[in-house]
Amino acid sequence: MADTPAGKADVTRLLQEWRQGDGEALDRLLPIVYDELRRIARVQLAHENRNGTLRATELVHEAFVRLVDQRAGWENRAHFYGIAARCMRRILVDRARRRHAAKRPPGEAAVDVADVDVGESSGIVELVALNEALDRLAKTAPRQAQVAELKLFGGLENSEIAQVIGASEATVKRDWSEAKTVFARYLGPR
């Protein structure tokens, strides 16, 4: 069963059942959310270096294991996908940092967001810089950072983001516009 309109209600119901201790709900949940998780993974991997060895399926599996271990208090399917996107982002950023650290000569300074020109950067540097810019934005404008994360890393539409953060679509559009302005300042021209 795909994540169809009927399946969307099932996702929320199964998340609630699983959170309440029904172990079988998790087995029924995975086939429903798998395609959407793969779509999110493909969006995430588009930000990664083209030579990356991680595939969408592997990213979904690693993220799902972390999500299962986490047992977050998911409110609904959009919230679940938002947390899944954040989890995938963390996996990719951790991998990018490890690869970049392994390639950096001893004594070379780490990359600072203020010095990064994403337009000329490698995929690893771009991903790490974008993550740092999101973290920086989260300190001053947490909702804008959340909107940007869900848009960039989750591939969610404005209506889905509005549902996840509990705001109107107009607020999401405004936050996304403001976040892009801040990113332009943090990262330089895109």
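The values are calculated or read from the model by the stated rules, or taken from the named source; none is laboratory data. Everything numeric here is computed off the predicted structure, so don't read it as measured data. Glycine also receives a Cβ, built like all others from the backbone with ideal geometry; neighbour counts cover every protein chain displayed.
Out of curiosity, is Gly73 in a loop (DSSP other than H, G, I, E, B), modelled with pLDDT under 85 and more than 17 Å from Gln163 (Cα to Cα)? The answer is no for Gly73.
For every residue, the table says whether it meets (1) at pLDDT 70 or above; (2) touching a Lys or Arg at 6+ places or on another chain (Cβ under 6 Å).
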{"position": "Met1", "(1), (2)": "no, no"}
{"position": "Thr12", "(1), (2)": "yes, yes"}
{"position": "Ala25", "(1), (2)": "yes, no"}
{"position": "Leu54", "(1), (2)": "yes, no"}
{"position": "Leu67", "(1), (2)": "yes, no"}
{"position": "His100", "(1), (2)": "no, no"}
{"position": "Val113", "(1), (2)": "no, no"}
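Listed here are the residues, each with its yes/no results for (1) crowded, with 18+ Cβ neighbours inside 10 Å; (2) assigned to a loop (DSSP other than H, G, I, E, B); (3) out of contact with any Leu (no Cβ under 9 Å at 6 or more places or on another chain).
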residue	(1), (2), (3)
Gln144	yes, no, no
Leu150	yes, no, no
Ser159	no, no, yes
Ala162	yes, no, yes
Lys173	no, no, yes
Ser177	no, no, yes
Phe183	yes, no, no
